[in-house]
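Let me begin by presenting the structure, written as structure tokens, before commenting on it.
None of the figures in this text is laboratory data; all of them are computed from the coordinates on show. This is a predicted model, so every value here is computed, not measured. Cβ: placed from backbone, ideal geometry, glycine included. Neighbour counts: every protein chain shown.
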């Protein structure tokens, strides 16, 4: 039961990161490289991401984040 709850919780955290944190990184950064680096620094240290994705997966994902 705990594993199911944590899976749900981590999915919620990832959605929140995408709907809140990514737009802030994108809008407040000087360019997309800086925005992606700031977001990557977060996701690479967050169990909501690292428990489900490899480092290469995260690098690919962040590299493809949209401008808008």
Exercise. Which condition does residue 39 not pass, out of (1) surrounded by 15 or more Cβ atoms within 10 Å (Cβ to Cβ); (2) part of a loop (DSSP other than H, G, I, E, B), if it passes all the others?
Worked result: (2)
For this session: Within the stretch 42-68, work out how many residues are under 20 Å from residue 7 (Cα atoms) and assigned to a helix (DSSP H, G or I).
Result: 10
For this session: Enumerate the pairs (first residue in the stretch 1-26 and in contact (Cβ under 8 Å) with a residue 40 or more places away in the chain; second residue anywhere and assigned to a helix (DSSP H, G or I) and buried (at least 16 other Cβ atoms within 10 Å of the Cβ)) with beta-carbon separation below 7 Å, excluding pairs fewer than 6 apart on the same chain, so at least 6 apart or on different chains.
Result: 10/48; 22/39; 26/35
